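The values are calculated or read from the model by the stated rules, or taken from the named source; none is laboratory data. All values derive from a computational prediction rather than experimental measurement. Neighbour counts run over all protein chains shown; Cβ positions are idealised from the backbone, glycine included. Note: areas computed on protein heavy atoms with side chains; ligands, DNA, RNA excluded. Shrake-Rupley method; radii C 1.70, N 1.55, O 1.52, S 1.80 Å.
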Amino acid sequence: MIKNFFDKAKNSHTWKENLVNLTTQLLNYLIILIIALFIGAVVMFLSGKDPIAAYAALWQGAFGNGYRFADTLDRSVIMILAGIAGSIAFRTNITNLGLEGQLYIGAFAAAWAGFTFTNLPAIVHIPLCMIAGIIGGALWTLPVLYLKMRWKIPELVPTLMLNYIAIRLTDYLIAFPFRDPAAPMAGSPLIAASAKLPKLIKGSTINIGFIIAIVLIFVTYWFLFKTKIGYELRMVGLNQDFAAAAGLPVKRSIFLAMTLSGGVIGLGGALMIQGFFGRFLGGFSSGYGWDGFMIAIIAQNHPFAVFPTALFYGALANGALTMQSVTGVPQAVVAMVKGTLVLFVTVKVFVENIRKGLRKWAM
Amino acid sequence: MGNVDLSSILTLSLFAAALRMATPIIFATMGGIFSSHTGIFNVALEGFMLIGSFFAVLGSVRTGSPYGGLLYAVIACLVAALVFAILHLELKANPIIVGLAMNIVAIGLTNYLLTATFNVWGVYKTDLIIGFQEVQIPLIHQIPIIGELLSGHFPLVYFSFVSVYIVYLVLYKTPFGFHLRSVGENIDAAESIGVNTKRMKYYGLLVSGLLCAFGGTFLSLSYLTMFSEDMTAGRGWLAMAAINFGRMRPVPSMIAGLIFGFADALAVRLQQFGLPSQIVVMLPYLMTVIVLFISAVVAERRKKSLVAKQNKIDIATPLQP
Amino acid sequence: MTEALSVKNITKAFPGVLANDNISLSVEKGTIRAIVGENGAGKTTLMNVIYGLYQPDSGQIFINGEEVTFSSPRDAIAQGIGMVHQHFKLVPSYTLAQNIALGVEPRKGIFIDEPALNKSVKAIADKYGFQINEREVTVDVSVGEQQRAEILKALYRGVEILVLDEPTAVLTDIETKELFVMLRNLVEQGITILFISHKLREVLEISDDISVMRAGKLVGTVKCEETDECQLAEMMVGRETIGGRMRETKQKGELIMEIEGLSVLDNRDLTAVKDASLNLYSGEIVGGAGVDGNGQEEFVEALLGLRPLTSGKIRIDGKEIQELSTREIREAGVAYIPSDRYRSGVAVEGTIWENMVPGEYYVKPYSNGLALAMPEIMMMSGTLIQKFNVATPGLDAKTGNLSGGNIQRVIAARELGLEKAKVVIASQPTRGIDIAGTEAIRQMLIDYANRGAAVFVISADLDEILSLSDRVVVFYEGNVLDAGYYDETIRQRISWLMTSGKDYCVD
Amino acid sequence: MKKVRFLVLGLLIVVLALSACTPQAAEEPVVEEPAVEEPVVEEPVVEEPEVEEVEEPVVEETEEEVVAEPPKIALVPAGRVGKEGYMFLAGQGYKMAAADFGFEERILESEVAEEWERNVRTAAQDGYEFIIGVGSTMADGIVNVSQEFPDAKFALVDANPGGDNVMGLIALEHEGSFLAGALAAMMTTETSLEGINEEKIIGFVGGMEVPSVVRWFSGFEQGAKYIDPDVEVKISYVGSFNDPAKSKELALAMFNEQGVDILMSVAGGPGDAGVFEAVEETGLYGIGADISWDDAVPGHVLTSVLKKTDVMIYETIASYIAGEFQPGEALFGVASGAMDLTDMSAMGDAIPQEVKDKIDEIKAMITSGEIVVERPQ
C-alpha cells in the first residue's frame, strides 16, 4: 500500500512535466545570457569596437589552449568558494553582503599562519593555514551577528561597512605590525614554502585548491540537503516563524549559517594566498565577494549550479585579459555583461511565458 | 608631526569640509528616502550616483557648461532609474538584486564609456570640464565666523539642504507625498482609494535617480572637476545607512549624513596626530556601524521606559473599561 | 421605493473556480441587504465586482437604474459606492482624519490644508453621529474606532451605497451593537448598505433582506422577518448539520498541563496576558473562546516557548517547562497547530516531506548521527500523508501549491500523526477551510482527545468552540476567564465573558 | 530537479562558447602556433603633444647584427598603459622599441592584483622570450613565473625580484625627488611669489604607505633638509591611489590649515588629479611626480619629477637584442637621465635663475657622487 503511494507520487510528475521544467530553466538562462551578451555587444558596437572579434578573443583567452583552460579553472576556485559562501547564507535567508570583508580577514589570517610558522611540514602547515583562514573569515561575521541577534539590526548595512573596515584593517596590518620591509609592494612577508599549495600542472597556476573547491561543492550539497543541520538552515531560511514554532534551533542556525558563510569565503582567501599570491597583498581582491554574491544568485543558491556559474565567471575574467590585449576592448565590458546577467536573473516573465508556451506545445 | 592639538583640527574649514563631504551623501539619502517611502529599498544609490558623475562630466565637456553637465546627469540617472523600475515593476525582478546588479553595471558601464569616449583609463581630467563655481552669499559672507562657514560653497551644497526641505514638504505637506507615503506604509489602503501604486513606485525610483544625479554631479563637477572610476567610493552605501538611521525621515537622515561627512572630514585631518592613515580612513565606516548600534540601543531604552510607563498605567487602572 | 443597485447575470471565473455564476440581485435604496454564505461561496468576489476591483466576465451593473461599468475602484467611488474591507485599509502613521480624507484632501495651493481637513472630517462624523478623535494617530486607537474611520472614509467621499465585508469579525459584542446603531442611522439618512457576513444571528438582527450564496450561485433572497437561522443555514449549506455538536462530553482524566499565573508581553512590549491560569486534563477538550487580539496568540506562543514569560509557571506532568526551549517543550509532549498556517505552520517553499519532519528529523531512526535517513523519513511522511488524506502529487511537491485545507491536513498529520503528544494546542484550526476539511480536522482533534490527550482549541468561531469543547475558557483583555463546562446556557455565559469580562449580564 | 539546475548552468557555458566563437576563431589552429593571435593593434590613440617633455631616448649603439626572426618581447604593466603616469611612458618606450627593432607589440594590461602574475604567465605560456613587467607589485609574479619558465628572460621596472633570468630596472625615485625637495625648500621662502608664506613648511601627499611612495618621500625630505635643515616637511597619506576626492581634501587641509605652500603629490593618477585641483583652488603650488604635471595648473606647478620609464625600457630592450642581458639590478638615476626634473618653463620667470642654477649644481653633484641620496629600505 505504501509502495503504491510512492509509485503514484512518482508517476504524477510525468516525464512531460519534467521536460517542461528543465527546458524552461534552460531557455530562461539562455535568454538572459543572450540579453547580457547582446547589451555588451551593443555597447561595444556603439563605441566602434567589433563585438564578434572581442567575444572570439574572450573565448580564446578562456579556453584557447590547455594552459588557458587550466588557468580558467584556477580562477574559478575563488568564485566557487565565494558562490558557496553566498549560497549558505542566502539559503538561511541571511543577506551576507560582507563576503568581501570576510575574504580579506580570512586571507590575512591564512597568510599570518603561513609566514609565522616556518618549521612545519607541509602536511601540517597547509591545513593549518586553511583553518586559520576559515576562523578568520568566521570571526569577522561576529560583530554583525551580535548586532543582528542582540539588537535586531538588519545585517545589510553592517556587513557592507565591515567590508571597508576589513580592507583598511588589513592595509594597516601589513603597513605596521606585519610589514615586510623587503616586500616590493604593500604586502605581508612571503608565506613559508611549506604552506604553499602543490601545483597540478607546471606552467599553470592550477593547484590542489581546485580539487578542494570541487570537493567542497559536494560536501556543501551533502551538508545542505542531506544532514540535520543543513535541514535546519534551509527551514530557517524558508520560513523562520515556522522553524521557530516547530522547535528548530533558529538562533543557532543563523549563527552557524553566517559563520559558515564567513568560514568558507575565509577558506577561499586562504586558497588564494596559499595557491596563488604567496603572501597577503593589500587590496588583493577585486570584488570576489561580490562575484560570489552574484554567482549564488544566478545559481539559485544550489551548490551544483555554483560550479558552472563560477566557471563561467572565471572564463569571463580570464578571457577578458586576452580580449583586452588583443582587440583593445576594455575589460570593463565584462563587468557590464556580468552585472546585466544578474539584472535579469530574477525576472519572472521569461520563465512564466516560456512555461506557458511549452505547456501549450506539450499538450 | 606630533605636536598638533585638537583645537587646531576643529577649525571652520573642518566644518566647511564636512558640509562638502556630506553633500553627495545627503542627496543620495533624500533620493533613497523617496523610494523607501514607496516601499522599495533602493540599494542602487551608489550606482546611480556614479552614473550621474560620469554623465555630468560628459555633459559638461559636450555643452561647455556645468548646467549642461547636470542635465546630462539627470537624464542618464532617470534612464537608469527607469530601467530599474521596469525590471522591478514590469518584469517583477527582485529589487534588492536588481539594485546590487545596477551598481555593478554602473561601474562597468562608466569605466567602459570612460575609455571608449575619452580614450583614457581610470581618470579623466581636462580643462574641457567646466565645473560649478563657489557662490558668495551677499551680506552673510562678510559676517566673520558665520560668513566663512555658510558662504562660499558650491550651489549644489546649498541645494542639498534645500532639497531636504523640499523632500520634507513634498512628502509630508502635499497630497502627492501623502499618497506616495501611503503606498509604502499600506499599499492596500493606497490602492483602495484609487492611488495608482505602480505609478507612485515609478515616481519614487525616478526621484531617487534624479537626486542621485545631483549627488553625482556634485562629486564630479563641484567637489572635483573630473571623473575617476568608482569615484563615489561607498557614499551611496553610507546614504543607505543614513536612511536606516533616520527611519526614512528627511531631517534625522540628513543629520546622519552630516555625521558621516564630518567623520570623513575629520579622518582627513586626524593624520596630523600621527595616527596610521589606514586606521583613520576607517572612521566613517566605523562611525556608521556605531551610529546604527547607538540608535538601536537608544530605541530600545526609549521603548522600555515608554512600556514601563504604559504598563504602570495598565496595572493601575481597573481591568474593565 | 427605488432601486439603488442591481446586478444582472454577473459571471466571474478564476482559473479552476467559477466564483460567481450568473448572479442577479437588486437592492432597494435605504435598506440593509445582507449577503451570507460560507467561506468561498463567492460573496467577496461579488462585492469586489461591484466595487470595481474585479471586472466581471459577463453581466451588467446598474446604479439607480443606469448601467455602469467599472475599470477600477475609482469609477465605483465616483458612482457612489464605498467599501469597508475586513482588513482595514488605513495607513498606520496617519491620523484618523488624514486617513478618512486620503485621496480627496482639501488643498491650499499645492499643499494639504490640514485645518480644513480636520474640520471637514469632524463635520461629516457629526452629521452621521460617529464618535471619533480625528486627530489621533491610527495605530493608537481601538479596532472599533478604526472601523468607524473606515466607514467615514467612504461617507466622506459621498457614497450612497456602502459595502461592508465581515464588519463584525473583529469587534466585541458591544462594539458590534454600536456599529449596528450607526448603520441604522446611516440607512435613515438614505444610505444603502450591503453587508457580508456568515454570522446568521447578526444578519437577522440588522438587515432588511438577506441574499444567500452557495458555491458561486445565488441561492435566494428572503425578507428578514420571514426567515430564521435554521432556514438560512439550510440555504447556505444545503443541509442542516452546520454547527452541530460533534462531541459527547467526557469525564476528565488526570491533570497533564498546568498553567499558573502566566503573564506575557506582546510585540510592542505591552502586557498581552495577565496572570492567567489554566489546567488541561487528559481526555478533555478545552475551548478557548474570545475575540481575536485578546491575548490568545501571545498566550499560546508563551506555552510553546516562543515568547518569554514575564511571570508564571507552566508544568507538564508536574515538571516545569517555562524555561525550556521550544524543542524541549515539544519533546515533553506538546503538539501545536498554529493559527496562521502560512506564517508559522509550514514553509510554503519547502517540499511536503520537509514540512512533515521538523519534530523528528534529528532523532533515530530518521537520522543517523549527522545525516538524514531519507528512506525512513519518506516512509514515515508517506504513511502519514496517506492516513490524513492529503491530496498531493508527491512528497517532493512544493507545499505552497496545496490548497489551504490540504496544508492544514499536512500540519495535522505532522503534529498528531505519530501520536506522541500529550497536549495538543490548536489555534484557529479550521479558519478559512472548506466544510469537509473543517469537519475532518475537528474529528481528528476529538479522536485525539478520546485517546487520552489534553486538547486545547482556540477559536474565534464560537460555533467551533461549542461543537468541540467539554469546557470553555474565554480570553478577554489578556485574562483567561473560566466559562465552565458545556451545557445549554454556556453560549450566553461565553458571550457575556467575551464582551464584558463578567459571566452575568451587564444590565 | 536539482540536477536540472546543474544541467542548465552547464549549458550556459556552452552557449557562451557558441556565441563567442566566430568561425575563423574556431578554425584557428591554437596550440602549435601561439603567435597566431594577431594583435589587432588598436591601442588607445595617444596625443603625442601631451608628452613633449619626454626627451628622445638616447639610443645606445647597438650592434648591427640583424636577428633573422624578430624577437618576441611582451610588456606586462601592473596597470594600464593609459594616458597618464609612468605606465604610459613605459608603453611609449616599448612601442618605440618595437618600431625600431621590428618586433610585434604585445601589451598585457591588468586591472586587479590577480592579473599581475596571470599576465606574465600568459606571456610566458605564449612563448615570449623576453617579458618586461612594469611596477614593483609584479615582483612576486615575475619570481613565480621565471622559475617555471627558465628559458625566458624577464625584466621588471621598479624592483629586482632576483633570479638567473631576471633583471630589475630600478629607478632611483629618491634621487629625483631629492631635487624636488631642494627646489621646494628654496621656494618656500620666496615670498615674492604670490601665495608663498614665510614659514618654512612644505608638504607631501602620498597615495598609500608603500615602499615606492616612501622612497619618493624620503628623497624629497632629504633634498629639503639639504638646503635648509629647518624646513618642516608635512606628510599625509590618502589611503588609496584612486580617491581624488579624499586627496583633494587632504591637500586642502594641508594648504589651509598647516601652512603648507608647496605640496608634492605622489598619490597615483586620480589622486594626483585631486591634489592639483586643490592647488588650483588655493592658488598655491604643487610638484608632480612620474610624468609632467606642469600644465595641469599653469603657473602653479613648480616642476615635476620625471621618471622616464620609456628610457629605461627602451635601453633594456636594446641591450637585450644586442645579446647583453644581465641578470640582477640595473639602476637608473639622475646620472643616467632617467630621473629628472622638467625644465620648469611652465612657471615662466617665477623661479629665479639662481635657484635653477643651484638645482643644476645639485644634479651634477648627485651624478658625480658627491651627494649620496639615501635609499630607504
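For the chain pair A and B, buried accessible area totals roughly 3700 Å², probe 1.4 Å, rounded to the nearest 100. The length gained by stretching the chain between A:Ser47 and A:Asn18 to full extension, at 0.36 nm per residue less their Cα-Cα distance, is 6.1 nm. Tally the DSSP beta bridges in the protein assembly as shown and give the antiparallel ones as a percent, rounded to 5. Of all bridge pairs located within the protein assembly as shown, approximately 45 percent are antiparallel. Considering only A:Phe255, A:Phe218, A:Phe304, the Gaussian network model of chain A with Cα springs below 10 Å gives its largest mean-square fluctuation to A:Phe218.
Protein heavy-atom accessible surface, 1.4 Å probe, per residue over the protein assembly as shown: 37 Å².
A simple spin-label model places the labels of B:Ile290 and D:Ala364 5.7 nm from each other, with each point 7 Å out along Cα-to-Cβ. When the P(r) of the stretch D:73-171 is calculated, the portion above 23 Å amounts to 14% of the C-alpha pairs.
Under a Gaussian network description of chain B, with springs only between Cα atoms under 10 Å, the residue in B:Leu149, B:Leu71, B:Leu275 that fluctuates furthest is B:Leu275.
Rounded to the nearest 0.05, the FRET efficiency derived from the C-beta distance between A:Ala122 and D:Asp164 at R0 = 30 Å is 0.70. Compared with the direct C-alpha span, the chain from C:Asp126 to C:Ile110 gains 2.9 nm at full extension, assuming 0.36 nm per residue. For a modelled paramagnetic label at A:Leu200, 7 Å from Cα along Cα-to-Cβ, the residues of the stretch A:65-106 in reach, with backbone nitrogen under 14 Å, are A:66-81. The residues A:Lys199, A:Lys356, C:Lys89, sorted by heavy-atom accessible surface at 1.4 Å with ligands and nucleic acids left out, run A:Lys356, A:Lys199, C:Lys89 from largest to smallest. Note on C:Ala397 and B:Phe41: with the Förster distance fixed at 35 Å, the Cβ-Cβ geometry gives a FRET efficiency of about 0.60.
Label positions at C:Leu255 and A:Val215, each projected 7 Å from the Cα along the C-beta direction, are separated by 5.9 nm.
Using only side-chain charges placed at the Cβ, +1 for Lys and Arg and -1 for Asp and Glu, the dipole size of the protein assembly as shown relative to its Cα centre rounds to 7500 debye. DSSP beta bridges fully contained in chain C are about 60 percent antiparallel. Cross-link partners of C:Lys422 among lysines, defined as those whose alpha carbon lies under 28 angstrom from its own and excluding same-chain residues fewer than eight positions apart: A:Lys228, A:Lys251, C:Lys250, C:Lys252, C:Lys274, C:Lys313, C:Lys319, C:Lys364, C:Lys387. All C-alpha to C-alpha distances of the stretch A:283-362, sorted into 5 Å bins beginning at zero, yield P(r) values of 3, 13, 18, 19, 16, 13, 8, 5, 3, 1, 0 percent in whole numbers. When the P(r) is computed for chain C, the part past 35 Å accounts for 41% of the Cα-Cα pairs. Near D:Met167, once Lys and Arg are set to +1 and Asp and Glu to -1 for all other residues with Cβ below 11 Å from its Cβ, the sum equals -2.
Kindly state, to the nearest 0.05, the FRET efficiency for C:Asp228 paired with A:Trp222, given R0 = 45 Å and r defined as their beta-carbon distance. Computed FRET efficiency for C:Asp228 and A:Trp222 comes out at 0.10.
I'm a student and want to see the number: the projected area of the Cα convex hull of the protein assembly as shown, averaged over all directions, in nm². Taking the Cα atoms of the protein assembly as shown, their convex hull projects to 62.3 nm² on average. For the stretch B:6-312, carbon and sulfur atoms together expose 69% of the accessible surface, with a 1.4 angstrom probe and every protein chain in place.
Between chain A and chain D, roughly 5800 Å² of accessible surface gets buried, counting both sides and using a 1.4 Å probe. Shape verdict for the stretch C:16-145, please, from the Cα gyration tensor: rounded (a/c under 1.5), prolate (a/b greater than b/c) or oblate. Verdict is prolate for the stretch C:16-145.
Rounded, prolate or oblate: pick one for the stretch B:6-312, where a ≥ b ≥ c are the square roots of the eigenvalues of its C-alpha gyration tensor, a/c under 1.5 means rounded, and failing that, prolate if a/b is larger than b/c, else oblate. Here the stretch B:6-312 falls in the oblate category. Between B:Leu45, B:Leu12, B:Leu156, the Gaussian network model of chain B with springs among Cα atoms under 10 angstrom shows the greatest mean-square fluctuation at B:Leu12. Can you bin the stretch B:133-210 into rounded, prolate or oblate? Criterion: square roots of the alpha carbon gyration tensor eigenvalues sorted a ≥ b ≥ c, rounded for a/c under 1.5, prolate for a/b above b/c, oblate for the rest. Cα axes put the stretch B:133-210 in the prolate bin.
Here the scattering of chain A is modelled by Debye summation over its C-alpha atoms, one equal scatterer each and no solvent; at q = 0.12 Å⁻¹ the log10 of I(q)/I(0) is -0.97. For the stretch B:1-146, the Kirkwood radius over C-alpha pairs fed into Stokes-Einstein at 25 °C and 0.890 mPa s yields D = 137 µm² per second. The modelled label-to-label distance for the pair C:Gln189/A:Arg252, using points 7 Å beyond Cα in the direction of Cβ, is 6.1 nm. As a length-normalised measure over Cα pairs under 8 Å and 6 or more apart, the relative contact order of the stretch D:73-171 settles at 25 percent. Estimated at 0.36 nm per residue, the fully extended path between C:Ile174 and C:Asn368 surpasses their Cα-Cα distance by 64.1 nm.
The Cα atoms of the stretch D:113-203 cover 60, 24, 16 Å along the three principal axes, with the biggest extent listed first. For the segment C:355-368, counting C-beta atoms of other chains within 10 Å of every residue's C-beta and taking the mean gives 3.
Normalising by residue count, the stretch C:383-507 has a Cα convex hull of 123 Å³ per residue. Highest average first, the peptides C:183-195, A:307-319, D:350-362 ordered by how many other beta carbon atoms sit within 10 Å of their residues are A:307-319, C:183-195, D:350-362.
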